[in-house]
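> Supplied in structure tokens, the structure appears directly below.
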Amino acid sequence: MIAMTSSIDGSTDAALVVEAQKGETWAMEALLRRHRRRVNALALTLMGKDAEFDDLVQESFTQAVQSINKLNAPSAFASWLCSIVVSTASKTFRRRHLLTRLGLLSRDTVEMEIENVTAPTASPEVTADLRAVYAAVEGLQSESRDALLLRRVEGLRLDEIAERMNLSVSTVKRRLHVAQEMLDTVSRPAATRR
């Protein structure tokens, strides 16, 4: 569970949410400023160095502003905002997948990712292994991909992932199992895959 944040003046997230729900724009601005780093970090985890990174952050903030009155537990603002980011990223990946299948989007995401994380001195074998892992992760359904990234990159517990993805813990476990099986298939030596 994410702790309730307070600023130097003592305003908690809950107090700011209450004010924002009354229409006080300064309160909403304060909440978004306070949580910008958290949102950026989560978006970076889910999207990587992607051309749509800024759009994801902006869309998440827009959704939060538009639906702040739907938040029934003001003290849960941070978790609620993170769940918006996860949901928005998932929609982005589903849209990309559809556009790619329709032939309307031709991006070599795996190659772009490899260029961003592979050292120039990396051996061809290491580069090939990374390419295979990134292809496997990219090939996952967005829900399994998001769960895997929240677990492996963010280090979240199962209950925290469930909260952010608005799922049950058992559903998160299933999605992580699917993702792990895919990664295991990629990491097995070629001789044992035959």
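> Given the options PHE77, PHE61, PHE93, name the one that is surrounded by 18 or more Cβ atoms within 10 Å (Cβ to Cβ), in contact with an Asp or Glu (Cβ under 7 Å, 6 or more places away or on another chain) and of a type outside the set (Gly, Ala, Ser). Break it down into steps so the answer makes sense when it comes.
Values: PHE61 fails: in contact with an Asp or Glu (Cβ under 7 Å, 6 or more places away or on another chain); PHE93 fails: in contact with an Asp or Glu (Cβ under 7 Å, 6 or more places away or on another chain).
Selected residue: PHE77, the only one of PHE77, PHE61, PHE93 that is surrounded by 18 or more Cβ atoms within 10 Å (Cβ to Cβ), in contact with an Asp or Glu (Cβ under 7 Å, 6 or more places away or on another chain) and of a type outside the set (Gly, Ala, Ser).
> Filter region 35-68 down to the residues that are among the β-branched types (Val, Ile, Thr) and touching a residue at least 12 places away in the same chain (Cβ under 8 Å) and list them by number.
Taking region 35-68 and keeping what is among the β-branched types (Val, Ile, Thr), we get 39, 45, 57, 62, 65, 68.
If the condition is that a residue be among the β-branched types (Val, Ile, Thr) and touching a residue at least 12 places away in the same chain (Cβ under 8 Å), then VAL39, THR45, VAL57, VAL65, ILE68 are the ones that fit.
> Kindly indicate whether ARG188 is in contact with a Ser or Thr (Cβ under 6 Å, 6 or more places away or on another chain), exposed (fewer than 14 other Cβ atoms within 10 Å of the Cβ) and either at pLDDT below 90 or not hydroxyl-bearing (Ser, Thr, Tyr) (or both). Can you show your working first?
Values: in contact with a Ser or Thr (Cβ under 6 Å, 6 or more places away or on another chain): no; exposed (fewer than 14 other Cβ atoms within 10 Å of the Cβ): yes; either at pLDDT below 90 or not hydroxyl-bearing (Ser, Thr, Tyr) (or both): yes.
When the stated conditions are applied, ARG188 does not pass them.
> Out of LEU32, LEU16, LEU46, I need the residue that is of a type outside the set (Asp, Glu), surrounded by 15 or more Cβ atoms within 10 Å (Cβ to Cβ) and modelled with pLDDT under 90. Which one?
Working: LEU32 fails: modelled with pLDDT under 90; LEU16 fails: modelled with pLDDT under 90.
The match here is LEU46.
> Restricting attention to region 121-178, which residues are in contact (Cβ under 8 Å) with a residue 40 or more places away in the chain, in a helix (DSSP H, G or I), hydrophobic (A, V, I, L, M, F, W, C) and within 15 Å of VAL86 (Cβ to Cβ)?
Those that are in contact (Cβ under 8 Å) with a residue 40 or more places away in the chain, in a helix (DSSP H, G or I), hydrophobic (A, V, I, L, M, F, W, C) and within 15 Å of VAL86 (Cβ to Cβ): LEU149, LEU150, MET165.
Condition check ((1) modelled with pLDDT under 85; (2) out of contact with any Leu (no Cβ under 6 Å at 6 or more places or on another chain); (3) on the phi < 0 side of the Ramachandran plot) across all residues:
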| position | (1), (2), (3) |
| --- | --- |
| ASP50 | yes, yes, yes |
| LEU56 | no, yes, yes |
| SER75 | no, yes, yes |
| LYS91 | no, yes, yes |
| THR100 | yes, yes, yes |
| GLY103 | yes, yes, no |
| ALA128 | yes, yes, yes |
| TYR134 | yes, yes, yes |
| LEU140 | yes, yes, yes |
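The values are calculated or read from the model by the stated rules, or taken from the named source; none is laboratory data. These numbers were taken from a predicted model, which means no experiment stands behind them. All Cβ positions, glycine included, derive from the backbone under ideal geometry; neighbour counts span all protein chains shown.
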